[in-house]
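In what follows, a single structure is set out as structure tokens and then discussed.
The values are calculated or read from the model by the stated rules, or taken from the named source; none is laboratory data. Fair warning: this is a prediction, and the values are worked out from it, not measured in the lab. Please note: Cβ atoms are built from the backbone with ideal geometry, for glycine as well, and neighbour counts cover all protein chains shown.
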Amino acid sequence: MTVSHDPALSLAGRTLVAGAARGPALVCTAPIPGWGGIDPKTGTVTEITHPERGASFAGRVLVIPGAKGSSGWSGQFHLSRVIGTAPIAVVTQKVNSKLAVGLVALEVPAVQVDDLAPFRARPVAEVELPGDGTVRISYA
């Protein structure tokens, strides 16, 4: 895939949870486990071996390759929503049952895209999910 050097790029995706959102992103290079992988009190990735350990998804668009581990996604991410530390939206490449249930519990817009390479090509300033299944990336 060729990544444009324009200040913004639009990706076609598939809506998983309807809605629109816009904000800064936490781009994760590895899947996150719901149980034992996050601290719902702070919205921080806590898995010891995770490349983005210590980063917070609170108030950001969470970009992840997928979910792994137990079914803790629904409980832990629901808790983050109740506490106010949840991501404002989720962009993912792979959807499994853990992530699907977690997204329903999270109640934020979510889109599945075919490739996350455009998120890793350059520093991302902002991500927008306009509500039509597309994802817009603004680069720094």
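Is at least one residue of region 74-84 in a loop (DSSP other than H, G, I, E, B) and surrounded by 14 or more Cβ atoms within 10 Å (Cβ to Cβ)?
no
Within region 101-117, restricting attention to residues that are touching a helix residue (DSSP H, G or I) at 6+ places or on another chain (Cβ under 9 Å) and surrounded by fewer than 16 Cβ atoms within 10 Å (Cβ to Cβ), which residue is modelled with the highest pLDDT?
Glu107
The conditions are (1) over 12 Å from the mean Cα position of the chain (by Cα); (2) crowded, with 18+ Cβ neighbours inside 10 Å; (3) closer than 27 Å to Gly133 by Cβ; (4) not hydroxyl-bearing (Ser, Thr, Tyr), and His50 fails exactly one of them. Which is it?
All conditions are met except number (3).
Kindly indicate the residue of region 15-47 that is of a type in the set (A, V, I, L, M, F, W, C) and in contact with a helix residue (DSSP H, G or I) (Cβ under 8 Å, 6 or more places away or on another chain) and also surrounded by the fewest Cβ atoms within 10 Å (Cβ to Cβ) among those meeting that condition.
Looking at the filtered set, the residue picked out is Trp35.
Take Ala12 and decide whether it is modelled with pLDDT of 90 or more, among the small types (Gly, Ala, Ser), closer than 19 Å to Glu126 by Cα and surrounded by 18 or more Cβ atoms within 10 Å (Cβ to Cβ).
Criteria not met by Ala12.
Suppose the filter is out of contact with any His (no Cβ under 7 Å at 6 or more places or on another chain) and on the phi > 0 side of the Ramachandran plot; does Gly75 pass it?
So Gly75 does not fit the description; no.
Would you pick out the residues in region 120-134 that are under 12 Å from Val91 (Cα atoms) and buried (at least 16 other Cβ atoms within 10 Å of the Cβ)?
Val127, Glu128, Leu129, Gly133
Considering (1) in contact (Cβ under 8 Å) with a residue 12 or more places away in the chain; (2) farther than 20 Å from Gln93 by Cβ, say which one Arg53 fails and leave the rest.
Of everything listed in (1) in contact (Cβ under 8 Å) with a residue 12 or more places away in the chain; (2) farther than 20 Å from Gln93 by Cβ, Arg53 misses just condition (1).
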